[in-house]
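To start, the structure under review is shown below, and the notes come after it.
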Ligand code: ZN
Ligand code: CU1
């Protein structure tokens, strides 16, 4: 008999223990998410800092005011310290003209460009943004962006190389780019 009770108690304990663990886990989750939310009162800023945001129809280039989605070629966006939203640009060219300006350069925390290896030139896909700092660029190709000659952006070197073989131009990495190069591109 006592053996039976013991067994029953053990079974009962075994049943309630996982439930307790689950409940405790749930409480911890709720507490943690409260803490995390508490830290992130500047949520739009934090979100923008971590990811590219799709550019919507009708949005204007931060530098030149042109309607971004009306033009072909890769676009860019930047997250600048203290801002609520990513700054959006009609072209990689305008993005770099802004980014490489010594007045802005130190404030820029994230930069994104379209990966043209997987995006059609005329209407780049808003799902294909990549980290601009890791990207490869082709300058001097025959394909035009919103402002004329532009920087074709790619996630990897072979794609950039292939593009340059087809359309002309020279390969650059992020650290090779400077204002002089951007302003020498012509219109
Ligand atoms: Zn522009
Ligand atoms: Cu423009």
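The values are calculated or read from the model by the stated rules, or taken from the named source; none is laboratory data. Source: prediction; values computed, not measured. Here the Cβ positions follow ideal geometry from the backbone for every residue, glycine too, while neighbour counts run over all protein chains shown.
Pairs linking a residue in segment 61-78 that is at pLDDT below 95 to a residue that is within 12 Å of ligand 1 (Cβ to nearest atom) and in a loop (DSSP other than H, G, I, E, B), with Cβ atoms under 6 Å and 6 or more positions apart or on different chains, do not occur.
Criterion applied to 170, 144 was being in the same structural domain as residue 124 (by TED's automatic domain parsing), within 16 Å of ligand 1 (Cβ to nearest atom) and surrounded by fewer than 18 Cβ atoms within 10 Å (Cβ to Cβ), and the one residue passing it is 144.
Comparison of 65, 82 shows that the only residue that is out of contact with any strand residue (DSSP E or B) (no Cβ under 6 Å at 6 or more places or on another chain), part of a loop (DSSP other than H, G, I, E, B), farther than 20 Å from residue 136 by Cβ and within 14 Å of ligand 2 (Cβ to nearest atom) is 65. The residue of segment 70-79 that is nearest to ligand 2 (Cβ to nearest atom), among those that are crowded, with 18+ Cβ neighbours inside 10 Å and closer than 19 Å to residue 144 by Cβ, is 71.
Considering only residues of segment 85-113 that are closer than 10 Å to residue 132 by Cβ and in a strand (DSSP E or B), which is farthest from ligand 2 (Cβ to nearest atom)? Across segment 85-113, the extreme among qualifying residues is 110.
Taking segment 99-113 as the range and being under 17 Å from the mean Cα position of the chain (by Cα) and within 16 Å of ligand 1 (Cβ to nearest atom) as the test, the residues that pass are 99, 111, 112, 113. Restricting attention to segment 114-140, the residues that are within 16 Å of ligand 1 (Cβ to nearest atom) and part of a strand (DSSP E or B) total 1. Kindly check whether there is at least one residue in segment 141-153 that is closer than 15 Å to residue 178 by Cα and not in a strand (DSSP E or B). No, every residue in segment 141-153 fails to be closer than 15 Å to residue 178 by Cα and not in a strand (DSSP E or B). Filtering segment 171-187 to residues that are under 17 Å from residue 115 (Cα atoms) and out of contact with any helix residue (DSSP H, G or I) (no Cβ under 6 Å at 6 or more places or on another chain) leaves 172, 173, 174.
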